[in-house]
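Only the coordinates and a few stated rules stand behind these numbers; no lab work does. No experiment lies behind these values; they were computed from the predicted model shown. All Cβ positions, glycine included, derive from the backbone under ideal geometry; neighbour counts span all protein chains shown.
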Amino acid sequence: MDGYQLYKKYTTAGQLASWDSDVRQYGQLVHQAFYLVGITRLFDLLEQAEADGKRLELVYSSPRSGSPPVAYDVQVAETAPPTLATLFDVSSPNWPSLLRGIYPWVFV
């Protein structure tokens with residue numbers, strides 16, 4: 001998969017995952033990383049992490065007295081990416097035309 005496909009894969013899975021899951025947290029991290037480092041660098045990092053079986057992590061500044069740490073960069077971590085559940089592709093031609101276009105909500 002290319003970087004854009006990986007970005008969509010993780011952010012979409014994060015939106016569909018339960019609130020306290022690792023998948024949701026990683027999807028939010030990938031989305032936040034988009035705004036930190038931009039399209040080109042994020043997509044390259046996602047491709048690198050996927051090829052190595054790793055995940056991305058945010059890099060935070062050292063907190064000053066009384067101030068919270070601030071994320072300023074993204075790097076590839078040694079941790080494996082979250083396991084994503086496979087969902088049916090609703091746009092597939094195998095689905096009846098009546099069901100095409102219905103959003104595949106997953107309640108876990």
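Given the options 38, 27, 53, name the one that is of a type in the set (Gly, Ala, Ser) and in contact with a helix residue (DSSP H, G or I) (Cβ under 7 Å, 6 or more places away or on another chain).
27
Entry remark, the stretch 50-86: residues being touching a residue at least 40 places away in the same chain (Cβ under 8 Å) and surrounded by 12 or more Cβ atoms within 10 Å (Cβ to Cβ) number 5 in total.
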